[in-house]
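Laboratory data are not the source of any read-out in this text; all were calculated from the coordinates shown. Owing to the predicted nature of the structure, the values given are computational and were not obtained by experimental measurement. Backbone-built Cβ (ideal geometry, glycine too); neighbour counts: all protein chains shown.
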């Protein structure tokens, strides 16, 4: 397993060791002991999975304290542009974003600690996205930042993605008073 630090404190790119032969492949997507060796301590309580057509944008979502979530995200099938925004006001990366192309072929993962908004754009049809969460979903704590907020300057590479009504109504970053 290769764990790569990003410029954002606590945000890691994870590339599992994949064992392939003529039968297919095998890899560990989660092993508490191995992750702890890299300082990634997470107690996962919920798994989520979505399937989307190409050009679907989901996000930028997060839950506010005390229901904030850490997430281990990966693509089971297809291709996504994964984006996070740092909402931790005492970090030098506050209000900045990080993006990573993730695919089922690469099998790469991203560990997103609490205090980040998260979203992704599907780049292929039938993309299956999977993530493990450190807290249960809590409707009253669930919120989001507008995916196309000009103050964030995220280049999604698309002008008119397919988004939910919830994401159409998401707040601007400048209107968000961060509790992180």
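Structure values in brief
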item: Candidates 39, 95, 59, ranked by Gaussian network fluctuation over the chain, Cα under 10 Å, top entry; result: 39
item: Diffusion coefficient, µm² s⁻¹, Stokes-Einstein with Kirkwood Rh over alpha-carbon pairs of the chain at 4 °C and 1.567 mPa s; result: 77
item: Label-point gap, in nm, between residue 77 and residue 137 - each point 7 angstrom along Cα→Cβ; result: 2.1
item: Nearest-0.05 FRET efficiency for residue 32 and residue 175, computed from C-beta distance (R0 45 Å); result: 0.75
item: Förster radius 35 Å - calculated FRET efficiency between residue 22 and residue 67, Cβ distance, rounded to 0.05; result: 0.15
item: The stretch 105-180-the stretch 1-33 distance, computed between alpha-carbon centres (Å); result: 22
item: Compactness of the stretch 38-130 - radius of gyration and Dmax, Cα, Å; result: 13.3, 39
item: Contour excess over end-to-end distance, with Cα ends at residue 41 and residue 155 and 0.36 nm allotted per residue; result: 37.9 nm
item: Full-extension gain in nm, residue 125 to residue 101, via 0.36 nm per residue minus C-alpha separation; result: 7.1 nm
item: The stretch 40-94: equivalent-ellipsoid semi-axes (sqrt of 5 x gyration tensor eigenvalues, Cα, Å); result: 23, 16, 11
item: Dimensions in Å of the stretch 1-82 - Rg and Dmax from alpha carbons; result: 14.9, 47
